[in-house]
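Report on the structure given below.
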Amino acid sequence: MSTPPATAPVPPESTGPAGVPAARTGGTTDRTPPTAPETTAVGAVAAREVAAVDPVGGAARTTGELAETAAREATAQLARPAPVRLDDVVPAPERVTPDATADHLLTADTVIRVSAEPAALAVAEQLAALLRPATGYPLPVTDTAAPTPAGGIALDLTGDPDLGAEGYRLDVTRDGVRLTAGTAAGLHHGVQTLRQLLPADIESPTPVTRRWVLPGGSVLDRPRFPHRGAMLDVARHFFGVPDVLRVIDHLARYKLNRLHLHLTDDQGWRIAVDSWPGLSTVGGATEVGGGPGGYYTQADYRRIVAYAAARHITVVPEIDLPGHTNAALAAYPELAPDRTAPPPYTGTEVGFSYVDPAHERTYDFVADVLGELAALTPGQWLHIGGDEAFKVPADVYAAFVERVQRIVAGLGKTIVGWHQIAPAGHVDGRILQWWGTNGDDPQTADAVRRGARLILSPGNHAYLDMKYAPDTPIGHDWAGLVDVRRAYEWDPATHLTGVPTEAVLGVEAPLWTESVTNLAEIEFMLLPRLPAIAELGWSPRRAHDWDAFRRRLAGHGPRWTRAGITFHRAPEIPWPTDADIPAPRLPSEMQGRVPC
């Protein structure tokens, strides 16, 4: 958990393409450029004239058809290799089989064909929306019972059980691209891979004149862990709906599937509750530093949830209890142990506030708040916080957590809490989110033996509010400095002593916002560390290799720049030269604070 120690960035001016990596070849390790073919356009035409009769139907082909075919094949044979390699993807896929003879060129005539199911059609429309701005191509989407590439892109929802709930297969050939998956989530993840295999200019919001080549070969990909998430603290500083939607886009890009929203804390209450209206109007009226704060109406929250769901991300809302509740007590002093309203809090200390566990009205409050939130949240999880309630005696705290756990279960939801809830009695499905810095935690290991499962968020590896280096102008260092390598080099499956791999649901990267005040700063702290956490959650353990990861990650700098995304130019990453990747522009209030 967090302890003491917006403005969107302006898109940069358009720039040239990123540096071109080493040439690709078939196989998985050979990087020697292939010998240029000797075939010419004239030679291709002559060869095709020999086969002027269709071998299947026997129908004569026109001279125009022959010339068109010859020109297309000659162009493909003589063109430069695709500027992106098939194994440049982040997170690293489970299996990659390149074929340097099978690069595919998108053209103005490319069509996206998709299975007729509405969920698959939605993914296809998202793919078209991603590719149209930079290519300028119309990329029409057509649904069909049996989609085939036919010179374009096919998205096929096959129901293949071998690919699991989120896996996919991508096949790129000279004649077309085929993406298959057992679920719409798998298709969505495959689309993110396809997006990364195009040149970095694909992220441009305006048309770019260039060849849009996909590297040939096949990708088979499935996630290692079912839970791969990030947390955004909107309580310490409030961020409006557009900022949250932008964060969702970043998660989707790297195949993360959970957004944990820390909705309440001492400094602000950020979700409207009809039965307790003062929580938002009074409790949401400030933030760290005394700013105006804010809150989400229930319509706002539904919009966030729906936007995330369309990108196959589940929102996990958190109401922090019994501590971190000063904003709630300021609105409703009847919940305070002394029945006195505290003043609004705009500092960053923790552990001083709590709702009264001995007062029955407290449990009415908890049931009402969680009940309304459960009705607004389609996902199966409700997060109850549970950390840093320092002033509540241990036995009273355990009894409170056990009663709240029963309330959550009665709502048909699965409870999630920070690992401080470990000593409380177990309920079926209980999930602990571990944020410690020492991998030896007997209480958490005991909770696992009693049936709990874990999400790993170690503060000294996964906390994205930690500084990158001593001179990072925002963030904290109480858990240590977390550069990209430190975020990447740990294994969630073996991180905690006495916890078996099968008890680990996955990973989550929290971003607390005591010092983070706008979207540009959010992005600066997320990137480039978020892709590191994403790879730990998605890629097989054998694929985890720091040197290979830093090379692949470097290619994403130009992508973020083209998209107008702020990021930290971490010195341990071999970013392309300054000529290829200009520093992203920052809002004027952040100039001089963040060296990008």
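The values are calculated or read from the model by the stated rules, or taken from the named source; none is laboratory data. Predicted model, so just to flag it, every value in this text is computed and none were measured. When we count neighbours, we look across all protein chains shown, and the Cβ atoms used for this are built from the backbone with ideal geometry, even at glycine. For the accessible areas, the whole protein counts, side chains as well, though only heavy atoms, and no ligand, DNA or RNA atoms are used. Shrake-Rupley method; radii C 1.70, N 1.55, O 1.52, S 1.80 Å.
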| query | How many residues are of a type in the set (Gly, Ala, Ser) and surrounded by fewer than 20 Cβ atoms within 10 Å (Cβ to Cβ) if we restrict to the range 457-470? | reply | 1
| Can you tell me which residue in the range 368-412 is nearest to residue 257 (Cα to Cα), limited to those that are open to solvent by 30 Å² or more (accessible area, probe 1.4 Å) and either of a type in the set (Val, Ile, Thr) or modelled with pLDDT under 95 (or both)? | 407
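This table checks each residue for (1) in a loop (DSSP other than H, G, I, E, B); (2) over 19 Å from residue 427 (Cα atoms); (3) among the acidic types (Asp, Glu).
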{"site": "308", "(1), (2), (3)": "no, yes, no"}
{"site": "338", "(1), (2), (3)": "yes, yes, yes"}
{"site": "358", "(1), (2), (3)": "yes, yes, no"}
{"site": "363", "(1), (2), (3)": "no, no, no"}
{"site": "398", "(1), (2), (3)": "no, no, no"}
{"site": "401", "(1), (2), (3)": "no, no, no"}
| open to solvent by 10 Å² or more (accessible area, probe 1.4 Å) and either modelled with pLDDT of 95 or more or touching a Phe, Trp or Tyr at 6+ places or on another chain (Cβ under 8 Å) (or both): does that describe residue 258? | yes
| task | Any residue in the range 323-342 that's within 15 Å of residue 282 (Cβ to Cβ): show its pairings with residues that are in a helix (DSSP H, G or I) and among the aromatic types (Phe, Trp, Tyr) at Cβ separation under 9 Å, as long as the two are six or more apart or on different chains. | result | 328/365; 332/365; 334/365; 335/365
| Do we find that residue 230 is out of contact with any Pro (no Cβ under 6 Å at 6 or more places or on another chain) and open to solvent by less than 10 Å² (accessible area, probe 1.4 Å) in this structure? | yes
| field | Selection within the range 471-492 - open to solvent by 10 Å² or more (accessible area, probe 1.4 Å) and of a type in the set (A, V, I, L, M, F, W, C) | value | 478, 479, 481, 490
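The rows are residues; the columns are (1) surrounded by fewer than 22 Cβ atoms within 10 Å (Cβ to Cβ); (2) in contact with a strand residue (DSSP E or B) (Cβ under 7 Å, 6 or more places away or on another chain); (3) of a type in the set (Val, Ile, Thr).
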site: 494; (1), (2), (3): yes, no, yes
site: 503; (1), (2), (3): yes, yes, no
site: 518; (1), (2), (3): yes, no, no
site: 527; (1), (2), (3): no, no, no
site: 548; (1), (2), (3): yes, no, no
site: 556; (1), (2), (3): no, no, no
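Examine the range 137-146 for a residue that is open to solvent by 10 Å² or more (accessible area, probe 1.4 Å), farther than 23 Å from residue 311 by Cβ, polar (S, T, N, Q) and part of a strand (DSSP E or B), and state whether such a residue exists. Reasoning before the result, please.
As a first pass, look at the range 137-146 and keep what is open to solvent by 10 Å² or more (accessible area, probe 1.4 Å): 137-138, 140-146.
So of that shortlist, the ones also farther than 23 Å from residue 311 by Cβ come out as 138, 144-146.
Restricting the remaining residues to those that are polar (S, T, N, Q) gives 144.
In the following step, the residues that additionally are part of a strand (DSSP E or B) were identified as 144.
Looking through the range 137-146, at least one residue is open to solvent by 10 Å² or more (accessible area, probe 1.4 Å), farther than 23 Å from residue 311 by Cβ, polar (S, T, N, Q) and part of a strand (DSSP E or B).
Residues being of a type in the set (A, V, I, L, M, F, W, C) and farther than 13 Å from residue 103 by Cα: count how many of those fall in the range 171-200. Quick ask: steps written out before the conclusion?
So in the range 171-200, the residues of a type in the set (A, V, I, L, M, F, W, C) come out as 172, 177, 179, 181, 184-185, 187, 191, 194, 197-198, 200.
Next, only the ones that are farther than 13 Å from residue 103 by Cα stay: 179, 181, 184-185, 187, 191, 200.
Residues that pass the stated criteria total 7.
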| Name the residues in the range 436-461 that are farther than 12 Å from residue 498 by Cβ and out of contact with any Pro (no Cβ under 7 Å at 6 or more places or on another chain), would you? | 438, 450, 451, 452, 453, 455, 458, 459, 460, 461
| request: State all residues of the range 310-325 that are open to solvent by less than 10 Å² (accessible area, probe 1.4 Å) and either in a helix (DSSP H, G or I) or small (Gly, Ala, Ser) (or both); if no residue qualifies, say none. | output: 323
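For every residue, the table says whether it meets (1) in contact with an Asp or Glu (Cβ under 8 Å, 6 or more places away or on another chain); (2) over 22 Å from residue 536 (Cβ atoms); (3) crowded, with 22+ Cβ neighbours inside 10 Å.
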| residue | (1), (2), (3) |
| --- | --- |
| 419 | yes, no, yes |
| 431 | no, no, no |
| 445 | no, no, no |
| 449 | no, yes, no |
| said: It is to be established whether one or more residues within the range 105-128 are open to solvent by 10 Å² or more (accessible area, probe 1.4 Å) and assigned to a strand (DSSP E or B). | reply: yes
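Take the residues in the range 269-309 that are among the aliphatic types (A, V, I, L, M) and over 17 Å from residue 243 (Cα atoms), then tell me which one is most open to solvent (accessible area, probe 1.4 Å). Quick ask: steps written out before the conclusion?
From the range 269-309, those among the aliphatic types (A, V, I, L, M) are 271-273, 279, 282, 285, 288, 299, 304-306, 308-309; that's our starting set.
Now narrow it down to the ones that are over 17 Å from residue 243 (Cα atoms): 272-273, 279, 282, 285, 288.
Numbers: 272: 17, 273: 7, 279: 0, 282: 78, 285: 57, 288: 21 Å².
Of everything passing the filter in the range 269-309, 282 is most open to solvent (accessible area, probe 1.4 Å).
Collect the residues in the range 159-185 that are surrounded by 16 or more Cβ atoms within 10 Å (Cβ to Cβ) and modelled with pLDDT under 95, keeping them in residue-number order.
160
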| field | Hits in the range 558-578 (condition: farther than 17 Å from residue 482 by Cα, touching a helix residue (DSSP H, G or I) at 6+ places or on another chain (Cβ under 8 Å), open to solvent by less than 10 Å² (accessible area, probe 1.4 Å) and not polar (S, T, N, Q)) | value | 558, 560, 565
